[in-house]
1. To the nearest 10 degrees, how steep is helix 3-36 against the longest Cα principal axis of the chain, on a 0 to 90 scale?
2. By count of other Cβ within 10 Å, fewest leading, how are 89, 53 ordered?
3. Test of understanding: express the Cα radius of gyration of the stretch 1-73 as a ratio to 2.2 N^0.38 Å, with N the residue count.
4. Helix 63-79 versus the longest principal axis of the chain: what angle, 0 to 90°, nearest 10, using Cα atoms?
5. What do you get for the angle between helix 131-145 and the principal long axis of the chain? Use alpha-carbon atoms, 0 to 90 degrees, nearest ten.
6. At 222 nm, what value in deg cm²/dmol follows for the chain if DSSP H runs of at least 4 each add -39500 (n - 2.57) and the sum is divided by all its residues, to the nearest 500?
7. Relative contact order (percent) for the stretch 77-182, with alpha-carbon contacts under 8 angstrom and 6 or more residues of separation?
8. Among 11, 107, 37, what is the fewest-to-most ranking by other Cβ atoms within 10 Å?
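Rule-based calculations on the coordinates, nothing more; no lab input. If you're wondering where the values come from, they're calculated on a predicted model, not measured in any experiment. FYI the Cβ positions are ideal-geometry reconstructions off the backbone, even for glycines, and counts take in every protein chain you see.
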């Protein structure tokens, strides 16, 4: 069953690249939204370049990585079906469902911005950008600790992380208000 570890390695590689895409695409959305409010010709020049960057990231890295991570994950379940019955894995799967929902919602934002439809603020997208971070923390803690009890402490840690990120966001927003070039 040596090939099991190769499949697991590929699963992990594609999870990492999937998250890399999910970490970066909302930042591009922030820049697209901010560019949308700039005067011409800066608006058009930046908008065109940021759309191209988002398109390449989304369809060359993020979507393929998501599909391959999920396929290799399903293959791992096929090869080791007892995983599904472990408490920690059931909780992890709930976070994977949240990750898929996050990915699909991010895809809706992508489509809107590609069509020059700006419904969210750059501040919203900065906060949205942290969604994948919370899910990553939960999944990593669950995969490493493999305990239904310890994952509760992991969730508490995620909530503390969330509070720290929100405080950091407020501080950064205050700095940007005082110095728009920061």
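1. Computed tilt is about 20 degrees.
2. So the ranking, lowest neighbour count to highest, is 53, 89.
3. Numbers: Rg = 16.7 Å, N = 73, 2.2 N^0.38 = 11.2 Å.
The stretch 1-73 yields a ratio of 1.48.
4. Once rounded, the angle reads 10 degrees.
5. 20
6. Details: 7 runs with 145 residues, N = 182.
Helix contribution divided over all residues of the chain: -27500 deg cm²/dmol.
7. Numbers: 51 pairs, mean separation 32.5, N = 106.
Relative contact order of the stretch 77-182: 31 percent.
8. Values: 11 19, 107 15, 37 10.
Going from sparsest to densest Cβ surroundings: 37, 107, 11.
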